[in-house]
Amino acid sequence: MSQPSPDELERQLRSDFALGPRDPGALRNLAMFLIAAKRPEEALALTAPRAASTADAFVLDAHAGALAACGQPEQTLIIRRRMAKQTPGSISAHHNLGAILGDLGRHAEAEQSLRRALQLGGRSPETWHVLGHALQGQGKLEEAEEAYRVAVGGRPDYYEAQADLAQLIWMRTEDFAAASQTLDQAITAYPNAGSLVLTRARLREFAGDPQGSFEESARAAAASPGDASIQHATARQALAAGEPAKALAYSQAAARIDNDEGDSAGITTVAALLALGRIEEAAGLAETLHSRWPKDQMRIALMATAWRLLGDPRYAELYDYAAFVRGWTIDTPKGWRNLTSYLADLKGGLDAMHSAKTHPVGQSLRHGTQTNENLLAATHPAIAAFSKAIEGPIQAHMAAVGKGEGPLRSRNTRTYDIAGIWSVRLRPNGFHVDHVHPAGWLSSACYIDLPHTVDAGGREGWIKFGEPGVATLPRLEPEHFVKPEPGLLVLFPSYVWHGTVPFSGEQTRLTVAFDLLPKETGLGQR
């Protein structure tokens, strides 16, 4: 018997809801369908009136799911707290509360909720997995590793938990064999689990073997020709290995299999076209993708790259370094006599948080470490004061950028939220590959402690802008550089390609980075 089409399923769910509009199950089923169909605003409109006046768990769960899908985590937290309070013996209520607290970077609170779920009898691998995140977010790396091991022990083919376990071991040891050991055992037990193979391939890429990573991914794609996500993942690995023609074939295969996957695979398709020198095709597709998700910074970056290659004057409007990329000296917070003493204390607090040995999987840094903890929740006095130290420069930067047209100025409300904040410590020969921040609006680099080679005259350790993080034909070089200084905060649009010039010597380079989002009205992120 064939499965109903999405349209048929929606008609049936709406019919069920019309017959029983007070039935919580009918409302929840329709809301979950709308969320899965990437129509969360409709789900929110459906659930909000009932959620305001009911204690029914089905209704509140659907409403929380809709809020989360619409990008409203704080409102989601309110509903999850409400559910945990009214059903204190519910395992799922405490698990879900812990999960959203973890998403918000409130890891200590998340741990409390998740341990409560376990005390109540929860044994699901998902709870142990989310607990691992909460522990890792507090720098409790040994406990986090044990939680991940419990999660994969309960379900060896749980590839998300396998990925987090492998990454944590990799960051602590810089040893690919050690990091992939448990993953290898799962692949042996589940040889057809393509997601496990792709997880190992991704780890292999960041361990320095992009060609081996692609070859491993290609085997998974051959074994699962109808899986769009595996085809797309293989396309990304092909790009990393410098195989744009193969990347194009895999990304187009993903789009043929599944329209939803095809939209995200379109980004990979644009990158492949740029690498192949098919610039007009890349520009046309990039513009289409941007029109669908205009706030996605990667789509803007790829579109801009195509315009630069075509000599389109719109590129200079997006990459206006004089107007959009500026350095500001951070303020000295109350309690410190000068900026030098504040930076010294800040360095001490941040250094203590860099407990790993090497870079994580999936991030831009190479040969260095990145903090796991939410710096906004840090209790160290200098770290806790950082948000005040940057407030004035951020306001000055937004005032200088001003209002106007384009993806930066049109969203400038002169108010902001810090969407993510972390610290990076690069060791000698470390760098950031050229990248953008897809979910940001304004991004940053704040320099806390620098190697002497920054002043040596060769731009070692400097931040560079404009060199794409994807291959292009012809190749494009960086267009703009900023020399780091202790206490300097560089702010720039999240869609601008940026990276770091590697540096020599024996000293490290310590920074804090964050993304800003404007406070905006309206739902969703489209």
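Points to keep in mind about this one:
- Considering only residues in region 462-498 that are surrounded by fewer than 19 Cβ atoms within 10 Å (Cβ to Cβ) and of a type in the set (G, A, S), the one that is nearest to L343 (Cα to Cα) turns out to be G469.
- Qualifying residue in region 202-214 (condition: more than 19 Å from V361 (Cα to Cα) and surrounded by fewer than 15 Cβ atoms within 10 Å (Cβ to Cβ)): no
Yes/no matrix, rows are residues, columns are (1) open to solvent by 40 Å² or more (accessible area, probe 1.4 Å); (2) in contact with a His (Cβ under 8 Å, 6 or more places away or on another chain); (3) outside any loop (DSSP other than H, G, I, E, B):
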{"position": "T288", "(1), (2), (3)": "yes, no, yes"}
{"position": "S291", "(1), (2), (3)": "yes, no, yes"}
{"position": "R299", "(1), (2), (3)": "no, yes, yes"}
{"position": "A304", "(1), (2), (3)": "no, no, yes"}
{"position": "R308", "(1), (2), (3)": "yes, no, yes"}
{"position": "A323", "(1), (2), (3)": "no, no, yes"}
{"position": "G335", "(1), (2), (3)": "yes, no, no"}
{"position": "L346", "(1), (2), (3)": "no, no, yes"}
{"position": "A352", "(1), (2), (3)": "yes, yes, yes"}
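- Of the helices (runs of 4 or more DSSP H) that lie entirely inside region 87-186, those containing 3 or more residues that are more than 30 Å from T54 (Cα to Cα) and modelled with pLDDT of 95 or more span 125-136, 141-154, 159-173.
- Screening the candidates T173, T182 for the property of being free of Cβ contacts under 8 Å to residues at least 40 places away in the same chain, over 23 Å from I267 (Cα atoms) and open to solvent by less than 70 Å² (accessible area, probe 1.4 Å) yields one hit, T182.
- Verdict on R459 being more than 17 Å from L489 (Cα to Cα), in a loop (DSSP other than H, G, I, E, B), at pLDDT 95 or above and open to solvent by less than 50 Å² (accessible area, probe 1.4 Å): no
- Residue match in region 122-145 (condition: buried (at least 24 other Cβ atoms within 10 Å of the Cβ), within 25 Å of the chain's Cα centre (by Cα) and within 28 Å of A222 (Cβ to Cβ)): no
- Within the option set E74, E111, E41, E126, being touching a residue at least 40 places away in the same chain (Cβ under 8 Å) and among the acidic types (D, E) holds for one residue only, E41.
- Verdict on S217 being among the hydroxyl-bearing types (S, T, Y), surrounded by 20 or more Cβ atoms within 10 Å (Cβ to Cβ) and assigned to a helix (DSSP H, G or I): yes
- In this structure, A68 does not satisfy being surrounded by 23 or more Cβ atoms within 10 Å (Cβ to Cβ), touching a Ser or Thr at 6+ places or on another chain (Cβ under 6 Å) and assigned to a helix (DSSP H, G or I).
- Scanning region 100-121 for any residue that is within 30 Å of P21 (Cα to Cα) and surrounded by 16 or more Cβ atoms within 10 Å (Cβ to Cβ) turns up at least one such residue.
- Matching residues, region 308-320, being farther than 15 Å from R409 by Cβ, touching a residue at least 40 places away in the same chain (Cβ under 8 Å) and out of contact with any Ser or Thr (no Cβ under 7 Å at 6 or more places or on another chain): R308
- Every pair of residues 6+ apart whose Cβ atoms lie under 8 Å, when the first sits in region 23-35 and is closer than 14 Å to G65 by Cβ while the second is among the β-branched types (V, I, T) and part of a helix (DSSP H, G or I): P24/V59; L27/T47; L27/V59; R28/V59; A31/T47
- Single unsatisfied condition, G406 versus (1) closer than 18 Å to R326 by Cβ; (2) in contact with a Ser or Thr (Cβ under 6 Å, 6 or more places away or on another chain): (2)
- Per-region count, region 146-162, residues surrounded by 20 or more Cβ atoms within 10 Å (Cβ to Cβ) and more than 20 Å from R202 (Cβ to Cβ): 1
- Filtered by the rule that a residue be in a loop (DSSP other than H, G, I, E, B), surrounded by fewer than 18 Cβ atoms within 10 Å (Cβ to Cβ), on the phi < 0 side of the Ramachandran plot and touching a Ser or Thr at 6+ places or on another chain (Cβ under 7 Å), region 499-523 gives S504, K519, E520.
The values are calculated or read from the model by the stated rules, or taken from the named source; none is laboratory data. Quick caveat: nothing in here was measured; it's all calculated off a predicted structure. Every residue, glycine among them, receives a Cβ derived from its backbone with ideal geometry; neighbour counts consider all protein chains shown. When the accessible area is computed, the model is the full protein with side chains, heavy atoms only, and any ligands, DNA or RNA have been set aside. Shrake-Rupley method; radii C 1.70, N 1.55, O 1.52, S 1.80 Å.
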